[in-house]
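See below for the structure under consideration.
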Amino acid sequence: MKLTLTTRPLDAQAVEGWIVFVQNKKPLVNGNGDLLTELMKKSNFSGEFAETAVFPTFGKTKASHIILAGLGKASAFQIQTLERAAAAAVRAGAKAGITRFVTEGSVSLATIPEAAFVHTVARGATWGSYNFETFKTGKKKKRTEPSLTLAGSFKNAATCRRALATAEIESQALLATADLANLPGNLAPPQKIAIWAAKMAKETGLACAVLNKAELKKQNCNALLSVAAGSDTDAKIITLKYQGTDSKAKPVVLVGKTITFDSGGISLKPGKGMSWMQFDKCGGMAVLAAMQMVALLKPKPSVIGILTVAENMPSGGATRPGDIIKSRSGKTIEILNTDAEGRLALCDALDLALTHKPAAIVDLATLTGAVIMALGHTAAAVVGNNHEFNQKLVQCAENAGERLWELPLWEEHKDDMKGTFADLQNISKSNTAGTITAGAFLSEFVPDNIPWAHLDIAGTAWEETPKAWMAPGATLFGARTLIEWIKGL
Ligand code: BES
Ligand code: MN
Ligand code: ZN
């Protein structure tokens, strides 16, 4: 999406699609109100969140079409509402063949500053223009790149231009990473992820190091290696490094679960829905997208991204239920269920993260089906060792158009993960509080004095059915929250 900002009035823009946001049933515009109100009335457009309608204007405005995009009620407004409505508007317009969009960039949305409006609309609109069409053989190869102009009398055009440039960098990272995240298991094995990460790092100026099987053995990453034992493709740990402008400050470390396909292993998953487990790499995908943003936005702190990558398959060489392994940290683990593989891949990566002497660690993982029972598909869970840090991330998520909810982590949950024959077991004894006990397991690998938060994104990492704001596929949930947090450090 080509993004531009202009202080020339909206009426002067001869483009195809004029996006009009509607809040409290009222169009958010400075002018043309009568025409819009009539359109809404005659078409029964109620302005609910994610509702859209496209009208040809037959010369009544300079734009050939008006696209109404509902924001719902002002009382229920969130950044997410605006970001998704902008995406929905672009998707609705694209369906009508529109590629050049314009919207009023300086409307009065009482709850958010002008620059946040610009940033959110631009990023949402770009996300709305994305389609994963790599394997649709019938589609035209070359599409015209869509464009969006934000027009208006901005109070501070320079600040808004900076916000737009930031949105563009973030959007490019999201769209580029989505093409990788949406690849199925056969086309995105660990090796492919490593090659992709190395190429991205080279292009953006990050350092990149990949640990292969032999190096993982040397490093005693036996928990991760146990996950890949049944696969014909080897595990990897990929580390990406951004050197911050303050070279003395401790880095923040982002860790992503990157299971390229999760069959469950010997504790095989039921067949129904198993194909969605190609998205079990999405924690790592969010970290990749965030690292690309970091590389180009150049925030103050150093940032390290670690992807713990493996495929979880059953075979004669696979890990058996009951197997005991010694993790990198030295703690021993009884693997009672090979489908609880994410925590095994993560615990070695968290231990490796400690070698960087981090100021804080955030891990992201499609870790438990239980988080969907707890929170559905509208929020991810955050579990960690520091309530203030958890709440900080909850706030960053809200500002970034994502939703996080904190779950507790108590001693009882940690006791639930103590092993019978080894230090720990990889599933709980009580078979309750699945998301929290998974977090409790991970907490054993991070000292209490390092703020650490675990984001369980199993319910939010992908969409399975079409939504107004996106087609089925990876959402890259978490990347927006991470960059919001890092920009503020
Ligand atoms: N990748 C899955 C979690 C998952 C399930 C993500 C559904 C998205 C949708 C994870 O590796 C897993 O299998 N977890 C098990 C843990 C259990 C065996 C303790 C689960 O949630 O069933
Ligand atoms: Mn699993
Ligand atoms: Zn998994």
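The values are calculated or read from the model by the stated rules, or taken from the named source; none is laboratory data. This structure is a prediction, so every number in the text was calculated from the model and none was measured. Every residue, glycine as well, gets a Cβ built from its backbone with ideal geometry; the counts of neighbours run over all protein chains shown. Protein only, heavy atoms only, side chains kept; ligands, DNA and RNA dropped before computing areas. Shrake-Rupley method; radii C 1.70, N 1.55, O 1.52, S 1.80 Å.
With respect to residue 261, determine if the residue is within 16 Å of ligand 2 (Cβ to nearest atom), farther than 18 Å from residue 207 by Cβ and part of a strand (DSSP E or B).
When the stated conditions are applied, residue 261 passes them.
If you check every pair at least six apart or on different chains, which have Cβ atoms under 8 Å apart with a residue in region 265-281 that is within 16 Å of residue 367 (Cβ to Cβ) and within 11 Å of ligand 1 (Cβ to nearest atom) first and a residue that is in a helix (DSSP H, G or I) and open to solvent by less than 70 Å² (accessible area, probe 1.4 Å) second?
265/227; 269/277; 279/181; 280/342; 281/181; 281/193
Go over the candidates 275, 263, 327, 267 one by one and state the one that is polar (S, T, N, Q), modelled with pLDDT of 95 or more and away from ligand 3 (no atom under 14 Å from the Cβ).
Going through 275, 263, 327, 267 in turn, the sole match is 327.
Name the single residue that is most open to solvent (accessible area, probe 1.4 Å) among those in region 56-86 being among the hydrophobic types (A, V, I, L, M, F, W, C) and touching a residue at least 60 places away in the same chain (Cβ under 8 Å).
Here the answer is 79.
Being within 23 Å of the chain's Cα centre (by Cα) and assigned to a loop (DSSP other than H, G, I, E, B) is the filter here; which residues of region 238-258 pass it?
243, 244, 251
Can we say residue 482 is touching a residue at least 24 places away in the same chain (Cβ under 8 Å), of a type outside the set (Val, Ile, Thr) and in a loop (DSSP other than H, G, I, E, B)?
Judged against the criteria, residue 482 is not a match.
With the requirement that a residue be under 13 Å from residue 122 (Cβ atoms) and either crowded, with 20+ Cβ neighbours inside 10 Å or at pLDDT below 95 (or both), what does region 170-188 give you?
Answer for region 170-188, where residues must be under 13 Å from residue 122 (Cβ atoms) and either crowded, with 20+ Cβ neighbours inside 10 Å or at pLDDT below 95 (or both): 170, 171, 174.
For region 100-135, which positions are basic (Lys, Arg) and open to solvent by 30 Å² or more (accessible area, probe 1.4 Å)?
100
Yes/no per residue for (1) of a type in the set (Gly, Ala, Ser); (2) outside any loop (DSSP other than H, G, I, E, B):
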| site | (1), (2) |
| --- | --- |
| 155 | no, no |
| 158 | yes, yes |
| 168 | no, yes |
| 172 | no, yes |
| 177 | no, yes |
| 191 | no, yes |
| 203 | no, yes |
| 216 | no, yes |
| 230 | yes, no |
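Go through 257, 250, 241 for me and flag whichever is more than 16 Å from ligand 1 (Cβ to nearest atom) and either more than 22 Å from residue 170 (Cβ to Cβ) or buried (at least 22 other Cβ atoms within 10 Å of the Cβ) (or both).
The unique qualifying residue is 250.
Considering only residues that are part of a helix (DSSP H, G or I) and small (Gly, Ala, Ser), look in region 267-289 and name the one that is most open to solvent (accessible area, probe 1.4 Å).
275
Suppose we filter region 264-278 for residues that are under 19 Å from residue 233 (Cβ atoms) and within 12 Å of ligand 2 (Cβ to nearest atom); how many remain?
Adding up the residues that qualify gives 7.
Scan region 416-429 and tell me whether some residue there is open to solvent by 40 Å² or more (accessible area, probe 1.4 Å) and within 15 Å of ligand 1 (Cβ to nearest atom).
The answer is yes; a qualifying residue exists.
Looking at (1) surrounded by fewer than 22 Cβ atoms within 10 Å (Cβ to Cβ); (2) closer than 23 Å to residue 350 by Cβ; (3) at pLDDT 95 or above; (4) away from ligand 3 (no atom under 16 Å from the Cβ), which is the one condition that is false for residue 232?
(2)
Please count how many residues of region 462-489 are open to solvent by less than 10 Å² (accessible area, probe 1.4 Å) and over 24 Å from residue 121 (Cβ atoms).
The qualifying residues number 0.
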